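Colleague: First the structure, which I've put down as C-alpha coordinates, then a few questions once you've had a look.
The values are calculated or read from the model by the stated rules, or taken from the named source; none is laboratory data. Everything quoted here is computed from the prediction, not taken from an experiment. Cβ: placed from backbone, ideal geometry, glycine included. Neighbour counts: every protein chain shown.
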Amino acid sequence: MNGWRCPDWCARAHHCTAALPGGEHASIPEIWQIEGGRMVGTRYRNRTGHDHIELRVILGLANDEPTAQAQCRHLMATSLMVVRRVFGLHQQSAQDQSPSSARRHRPGRRASL
(Lines give C-alpha, C1' and ligand atoms only; values in the text may rest on other atoms or scores of the structure.)
Protein backbone atom coordinates (compact mmCIF):
# COMPACT_ATOMS: atom_id res chain seq x y z
CA MET A 1 0.00 0.00 0.00
CA ASN A 2 2.89 2.38 -0.66
CA GLY A 3 3.79 2.77 3.02
CA TRP A 4 0.20 3.56 4.02
CA ARG A 5 -0.43 1.55 7.16
CA CYS A 6 -3.89 0.57 8.37
CA PRO A 7 -4.80 1.38 11.99
CA ASP A 8 -5.70 -1.60 14.21
CA TRP A 9 -9.45 -0.95 13.88
CA CYS A 10 -9.39 -0.87 10.04
CA ALA A 11 -11.29 -3.76 8.46
CA ARG A 12 -8.84 -3.89 5.53
CA ALA A 13 -9.85 -5.96 2.50
CA HIS A 14 -12.75 -4.45 0.53
CA HIS A 15 -13.78 -2.11 3.37
CA CYS A 16 -10.51 -0.15 3.26
CA THR A 17 -9.91 2.10 0.26
CA ALA A 18 -6.96 4.03 1.74
CA ALA A 19 -4.61 2.88 -1.01
CA LEU A 20 -6.80 4.53 -3.65
CA PRO A 21 -6.84 8.26 -4.46
CA GLY A 22 -9.31 9.89 -2.08
CA GLY A 23 -9.72 6.60 -0.22
CA GLU A 24 -10.26 6.01 3.48
CA HIS A 25 -9.63 3.44 6.14
CA ALA A 26 -12.94 1.93 7.27
CA SER A 27 -13.92 -0.20 10.24
CA ILE A 28 -16.19 -3.19 10.05
CA PRO A 29 -19.67 -1.69 10.49
CA GLU A 30 -20.97 -2.17 14.02
CA ILE A 31 -24.63 -3.17 13.93
CA TRP A 32 -26.93 -2.85 16.91
CA GLN A 33 -30.33 -4.50 16.69
CA ILE A 34 -32.82 -2.21 18.44
CA GLU A 35 -36.55 -2.27 19.01
CA GLY A 36 -38.14 -1.79 15.60
CA GLY A 37 -34.93 -1.71 13.56
CA ARG A 38 -31.17 -1.27 13.80
CA MET A 39 -28.34 1.23 14.09
CA VAL A 40 -25.16 0.92 12.04
CA GLY A 41 -21.93 2.79 12.82
CA THR A 42 -18.78 2.83 10.68
CA ARG A 43 -15.57 4.67 11.53
CA TYR A 44 -13.44 6.22 8.78
CA ARG A 45 -10.02 7.89 8.57
CA ASN A 46 -8.92 9.83 5.51
CA ARG A 47 -5.35 10.25 4.23
CA THR A 48 -4.79 13.40 6.30
CA GLY A 49 -5.62 11.49 9.51
CA HIS A 50 -9.09 13.00 10.04
CA ASP A 51 -11.47 10.50 11.68
CA HIS A 52 -15.23 10.57 11.27
CA ILE A 53 -18.20 8.31 11.87
CA GLU A 54 -21.14 7.42 9.68
CA LEU A 55 -24.18 6.55 11.75
CA ARG A 56 -27.30 5.13 10.15
CA VAL A 57 -30.61 4.40 11.81
CA ILE A 58 -33.01 2.04 10.06
CA LEU A 59 -36.54 2.11 11.47
CA GLY A 60 -40.01 1.54 10.14
CA LEU A 61 -42.24 4.58 9.87
CA ALA A 62 -45.94 5.02 10.53
CA ASN A 63 -48.29 4.14 7.68
CA ASP A 64 -49.87 7.59 7.41
CA GLU A 65 -47.84 10.34 5.74
CA PRO A 66 -48.22 13.16 8.30
CA THR A 67 -47.11 10.91 11.15
CA ALA A 68 -44.22 9.45 9.12
CA GLN A 69 -42.97 12.96 8.27
CA ALA A 70 -43.29 14.01 11.92
CA GLN A 71 -41.34 10.93 13.02
CA CYS A 72 -38.55 11.73 10.53
CA ARG A 73 -38.27 15.35 11.58
CA HIS A 74 -38.42 14.53 15.28
CA LEU A 75 -35.67 11.90 14.91
CA MET A 76 -33.49 14.35 12.94
CA ALA A 77 -34.01 17.17 15.47
CA THR A 78 -33.37 14.92 18.46
CA SER A 79 -30.30 13.41 16.78
CA LEU A 80 -28.95 16.90 16.06
CA MET A 81 -29.29 17.82 19.74
CA VAL A 82 -27.43 14.66 20.81
CA VAL A 83 -24.67 15.15 18.21
CA ARG A 84 -24.14 18.75 19.30
CA ARG A 85 -23.93 17.67 22.94
CA VAL A 86 -21.62 14.69 22.41
CA PHE A 87 -19.24 16.54 20.08
CA GLY A 88 -19.37 19.92 21.83
CA LEU A 89 -20.83 21.70 18.81
CA HIS A 90 -22.59 24.98 19.38
CA GLN A 91 -25.50 26.55 17.56
CA GLN A 92 -24.36 29.56 15.55
CA SER A 93 -27.58 31.46 14.99
CA ALA A 94 -31.33 31.16 15.11
CA GLN A 95 -31.34 30.56 11.35
CA ASP A 96 -29.11 27.49 11.78
CA GLN A 97 -31.75 25.96 14.05
CA SER A 98 -34.45 25.83 11.41
CA PRO A 99 -34.94 22.50 9.64
CA SER A 100 -34.88 24.15 6.21
CA SER A 101 -31.41 25.69 6.72
CA ALA A 102 -29.85 22.32 7.54
CA ARG A 103 -31.68 20.34 4.87
CA ARG A 104 -29.73 19.34 1.80
CA HIS A 105 -31.67 19.02 -1.39
CA ARG A 106 -30.44 16.55 -3.97
CA PRO A 107 -31.34 17.38 -7.57
CA GLY A 108 -34.10 15.14 -8.84
CA ARG A 109 -35.28 14.21 -5.36
CA ARG A 110 -38.09 15.54 -3.21
CA ALA A 111 -36.89 17.98 -0.58
CA SER A 112 -39.32 16.81 2.11
CA LEU A 113 -38.73 13.78 4.32
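Colleague: If only one of 49, 41 is within 27 Å of residue 4 (Cβ to Cβ) and touching a strand residue (DSSP E or B) at 6+ places or on another chain (Cβ under 9 Å), which one is it?
Modeller: It is 41.
Colleague: Hey, among the residues in region 17-52 that are surrounded by 12 or more Cβ atoms within 10 Å (Cβ to Cβ) and hydroxyl-bearing (Ser, Thr, Tyr), which one's farthest from the chain's Cα centre (by Cα)?
Modeller: That would be 17.
Colleague: Among the residues of region 84-104, are any within 30 Å of residue 7 (Cβ to Cβ), of a type in the set (Val, Ile, Thr) and either modelled with pLDDT under 95 or loosely packed, with under 10 Cβ neighbours inside 10 Å (or both)?
Modeller: Yes, there is a match, as at least one residue in region 84-104 is within 30 Å of residue 7 (Cβ to Cβ), of a type in the set (Val, Ile, Thr) and either modelled with pLDDT under 95 or loosely packed, with under 10 Cβ neighbours inside 10 Å (or both).
Colleague: Which of the strands (runs of 3 or more DSSP E) contained wholly in region 1-71 include at least 3 residues that are in contact with a helix residue (DSSP H, G or I) (Cβ under 9 Å, 6 or more places away or on another chain)?
Modeller: Strands (runs of 3 or more DSSP E) meeting the threshold: 51-59.
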